[in-house]
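In what follows, a structure is listed as structure tokens, so that the remarks can point back to it.
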Amino acid sequence: MNEIKNLEPQIVWKNFHALTRVPRPSGHLEKVQQFLLDWAAAHGIEAFKDKGENIVMRKPATPGMENRKKAVMQAHMDMVPQKTAESRHNFETDPIETYIDGEWVKAKGTTLGSDDGMGVAAIMAVMEDDSLEHGPLEALITADEETCMYGVNHLAPDTLTGDILL
Ligand SMILES: [Zn+2]
């Protein structure tokens with residue numbers, strides 16, 4: 001088994017694997033923004049892009065838990081694009097080539113993007129998993145954290161409605 005999408009917990013790894021297929025170097029986020037919006041639509045999750053280029057998602061509470069505090073889960077969508085001198089990888093067009101090396105998940109000749117792809121994948125897992133019981137949920141997936149914190153710096157004060165930021 002050398003496919004990371006089969007690792008456990010599978011609901012997290014399959015989403016991380018999907019993210020590695022989408023180019024998302026800081027400064028070039030159109031593809032990953034569209035990917036996240038399409039993913040949310042396919043899963044019946046409310047989602048939009050705000051003025052700060054962030055993607056915001058919302059999921060209603062499990063019935064009976066509407067009065068709980070609303071949690072906001074935050075991660076950033078961009079990754080640091082670094083590669084070896086020999087690599088011909090194009091971060092704006094090519095998927096990351098992942099592989100499993102013993103206990104580690106690695107990328108061939110490039111950064112892996114686990115920072116913060118695993119954070120985004122964990123958020124997607126919580127948003128997707130209908131077996132979880134939870135209060136109202138919000139996700140804030142920010143733009144260009146690794147360069148200038150563009151997304152957070154352009155987040156309008158009324159975009160989020162949650163009580164607790166994770
Ligand atoms: Zn980071």
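Tell me, yes or no, whether the range 28-39 has at least one residue that is within 16 Å of the ligand (Cβ to nearest atom) and either touching a helix residue (DSSP H, G or I) at 6+ places or on another chain (Cβ under 7 Å) or under 30 Å from Gly135 (Cβ atoms) (or both).
Within the range 28-39, one or more residues are within 16 Å of the ligand (Cβ to nearest atom) and either touching a helix residue (DSSP H, G or I) at 6+ places or on another chain (Cβ under 7 Å) or under 30 Å from Gly135 (Cβ atoms) (or both).
Just to verify a result, which residue in the range 78-90, among those that are among the hydrophobic types (A, V, I, L, M, F, W, C) and outside any strand (DSSP E or B), is farthest from the ligand (Cβ to nearest atom)?
The initial filter retains those residues of the range 78-90 that are among the hydrophobic types (A, V, I, L, M, F, W, C), namely 79-80, 85.
Cutting the leftovers down to outside any strand (DSSP E or B) gives us 80, 85.
Numbers: Val80: 7, Ala85: 24 Å.
Per the stated criteria, the residue is Ala85.
Do any residues in the range 114-126 that are of a type in the set (A, V, I, L, M, F, W, C) have Cβ atoms under 6 Å from those of residues that are within 9 Å of the ligand (Cβ to nearest atom), where the two are at least six apart or on different chains, and which pairs are they?
If the second residue must be within 9 Å of the ligand (Cβ to nearest atom), the pairs left are Val120/Ala75; Ile123/Ala75.
Does Thr84 satisfy the condition of being farther than 17 Å from Val152 by Cα, surrounded by fewer than 16 Cβ atoms within 10 Å (Cβ to Cβ), in contact (Cβ under 8 Å) with a residue 40 or more places away in the chain and β-branched (Val, Ile, Thr)?
Values: farther than 17 Å from Val152 by Cα: yes; surrounded by fewer than 16 Cβ atoms within 10 Å (Cβ to Cβ): yes; in contact (Cβ under 8 Å) with a residue 40 or more places away in the chain: no; β-branched (Val, Ile, Thr): yes.
Against the criterion (farther than 17 Å from Val152 by Cα, surrounded by fewer than 16 Cβ atoms within 10 Å (Cβ to Cβ), in contact (Cβ under 8 Å) with a residue 40 or more places away in the chain and β-branched (Val, Ile, Thr)), Thr84 does not qualify.
So which pairs qualify, if the first residue must be in the range 144-166 and surrounded by 13 or more Cβ atoms within 10 Å (Cβ to Cβ), the second must be basic (Lys, Arg), the Cβ gap must be under 7 Å, and the two must be at least 6 apart or on different chains?
His154/Lys51; Gly162/Lys70; Asp163/Lys69; Asp163/Lys70
List the number of the failed condition for Thr93; all other conditions in (1) of a type outside the set (Asp, Glu); (2) within 16 Å of the ligand (Cβ to nearest atom); (3) part of a loop (DSSP other than H, G, I, E, B) hold.
So the condition that Thr93 fails would be (2).
Just one of Ala122, Ala75 is among the aliphatic types (A, V, I, L, M), within 16 Å of the ligand (Cβ to nearest atom) and in a strand (DSSP E or B); which is it?
Details: Ala122 fails: in a strand (DSSP E or B).
Residue meeting the stated conditions: Ala75.
Taking Phe91 and the conditions (1) over 30 Å from Asp158 (Cβ atoms); (2) surrounded by fewer than 19 Cβ atoms within 10 Å (Cβ to Cβ); (3) more than 16 Å from the chain's Cα centre (by Cα), which numbered condition does it fall short on, given that it satisfies the others?
For Phe91, the failing item is (2).
Identify, please: which residue in the range 21-46 is within 15 Å of Val126 (Cβ to Cβ) and more than 13 Å from the chain's Cα centre (by Cα) and is, among those, surrounded by the most Cβ atoms within 10 Å (Cβ to Cβ)?
Quick first cut of the range 21-46, residues within 15 Å of Val126 (Cβ to Cβ) only: 36, 39-40, 43-46.
Next cut, more than 13 Å from the chain's Cα centre (by Cα) only: 43-46.
Details: His43: 14, Gly44: 10, Ile45: 19, Glu46: 12.
Within the range 21-46, the match that is surrounded by the most Cβ atoms within 10 Å (Cβ to Cβ) is Ile45.
I'd like the full set of residues that are among the β-branched types (Val, Ile, Thr) and either open to solvent by 20 Å² or more (accessible area, probe 1.4 Å) or over 10 Å from the mean Cα position of the chain (by Cα) (or both), limited to the range 54-81. First the steps, then the outcome.
First, the residues of the range 54-81 that are among the β-branched types (Val, Ile, Thr): 55-56, 62, 72, 80.
Hits for the range 54-81 are Val56, Thr62, Val72, Val80.
The values are calculated or read from the model by the stated rules, or taken from the named source; none is laboratory data. Treat the numbers as computed from the prediction; the structure is a model and nothing was measured. Using ideal geometry, Cβ is built from the backbone for each residue, glycine included, and neighbour counts are taken over all protein chains shown. In case anyone asks, the SASA skips ligands and DNA or RNA and just uses the protein heavy atoms, side chains included. Shrake-Rupley method; radii C 1.70, N 1.55, O 1.52, S 1.80 Å.
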